[in-house]
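Written below as structure tokens is the structure these notes are about.
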Amino acid sequence: MRELILRFARENNGWGYLRIVGELRKLGINVSATLVRNVLRAAGVPPAPRRDRQDWRSFLRQHAATTLACDFLTVDTVLLRRLYVLVFICMAAAASSTSLVRATPTAAGWRSRHATC
């Protein structure tokens with residue numbers, strides 16, 4: 001019985017002891033909620049809301065493929081010109097893409113240079 005209770009708790013992080021009691025009753029096993037709670041506590045299994053939480057590091061690992069960061073900054077050069085820089089960083093590939101734009105437009109339009117690091 002103990003192994004079945006612990007298996008339910010391990011495989012279903014959102015289930016509390018009352019839900020486990022209900023699922024055991026569906027299987028024809030009658031146990032009390034106190035017994036299930038004591039078994040979980042003795043095994044060191046935290047309550048359901050704490051089992052279901054995700055820490056920041058694991059969240060970033062799961063969403064790294066779709067996470068994109070960007071920043072816009074200005075750089076003043078030695079020749080007293082100002083460059084506008086737009087940087088995109090893809091967290092999954094750890095690659096960045098940079099676009100540089102001059103402060104003053106030329107006759108052909110805004111001058112830009114694209115660089116990939």
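Coordinate-derived values only; no laboratory data. What you see is a predicted model; the values in this text were computed from it and never measured. Cβ placement follows ideal geometry from the backbone for every residue including glycine, while neighbour counts extend to all protein chains displayed.
Values for this structure:
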quantity: All positions within the range 25-72 that are farther than 30 Å from Leu4 by Cβ and touching a Phe, Trp or Tyr at 6+ places or on another chain (Cβ under 8 Å); calculated: Leu68, Ala69, Cys70, Phe72
quantity: Residue in the range 38-54 that is assigned to a loop (DSSP other than H, G, I, E, B), without any contact (Cβ under 8 Å) to a residue 12 or more places away in the chain and in contact with an Asp or Glu (Cβ under 9 Å, 6 or more places away or on another chain) present; calculated: no
quantity: Residue list for the range 23-32, filter: loosely packed, with under 12 Cβ neighbours inside 10 Å and in a helix (DSSP H, G or I); calculated: Arg25, Lys26
quantity: In the range 33-75, the residues that are loosely packed, with under 11 Cβ neighbours inside 10 Å and over 23 Å from the mean Cα position of the chain (by Cα); calculated: Thr34, Ala42, Gly44, Phe72, Leu73, Thr74, Val75
